[in-house]
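The values are calculated or read from the model by the stated rules, or taken from the named source; none is laboratory data. As the structure is a prediction and not an experimental result, all values here were calculated from the model. Quick reminder, even Gly has a Cβ in these numbers, built from the backbone with ideal geometry, and neighbours come from all protein chains shown. Only protein heavy atoms, including side chains, enter the accessible area calculation; ligands, DNA and RNA are left aside. Shrake-Rupley method; radii C 1.70, N 1.55, O 1.52, S 1.80 Å.
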Amino acid sequence: MLNALWNVLLLAVAIFVVAQVLPGIRVKSFATALVVAIVYSLVHFFLFWILTILALPFIILTFGLFVFVINAFLLWLTSQLVADFKVQGIVTTLLASLLISLCSMLLRAIF
């Protein structure tokens, strides 16, 4: 339980940092980034494996890179669910998904 809360907090930090660096992402405050991290974690928990199974041929053909498209879709879906979080454009969504994943992994490795 504590590990899940810690991961959500690190994800919120990653989202907030990427929103400060990438111009196409708008996050109102760190509290909004925390809400985004919670909603994204829930969306990821419920939909990721279903989408992965449905997209398995594409994932195999692209040697796993299609997973970034799935993560970008989940990030877009999160931006539709949270009012103070906006991601503009598909390229920004793909890049944000990649940067959030990398930043989150880096933060987990550090802490």
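Annotation: Leu102 fulfils all but one of (1) among the aliphatic types (A, V, I, L, M); (2) open to solvent by 40 Å² or more (accessible area, probe 1.4 Å); (3) under 16 Å from Pro23 (Cα atoms); the unmet one is (3).
Residue check: is Ile70 assigned to a helix (DSSP H, G or I), farther than 11 Å from Ile100 by Cβ, open to solvent by 70 Å² or more (accessible area, probe 1.4 Å) and at pLDDT 95 or above? No: the conditions fail for Ile70.
For segment 15-40, the tally of residues that are more than 12 Å from Leu75 (Cβ to Cβ) and assigned to a helix (DSSP H, G or I) stands at 11.
Leu81 meets the conditions (1) aliphatic (A, V, I, L, M); (2) over 23 Å from Trp6 (Cα atoms); (3) open to solvent by 80 Å² or more (accessible area, probe 1.4 Å); (4) modelled with pLDDT of 95 or more in every case but one. The failed one is (2). Has segment 24-46 got any residue that is open to solvent by 60 Å² or more (accessible area, probe 1.4 Å) and polar (S, T, N, Q)? No, segment 24-46 has no match at all. For segment 65-86, the set of residues classified as more than 12 Å from His44 (Cβ to Cβ) and in contact with a strand residue (DSSP E or B) (Cβ under 8 Å, 6 or more places away or on another chain) consists of Trp76, Ser79, Asp84, Phe85, Lys86, listed by residue number. State whether the residues of segment 56-67 include one that is without any contact (Cβ under 8 Å) to a residue 60 or more places away in the chain, on the phi > 0 side of the Ramachandran plot, over 10 Å from the mean Cα position of the chain (by Cα) and surrounded by fewer than 18 Cβ atoms within 10 Å (Cβ to Cβ). Yes - at least one qualifying residue is present in segment 56-67.
The set of residues in segment 84-99 being farther than 20 Å from Leu10 by Cα, open to solvent by 80 Å² or more (accessible area, probe 1.4 Å) and not in a helix (DSSP H, G or I) consists of Gln88 alone.
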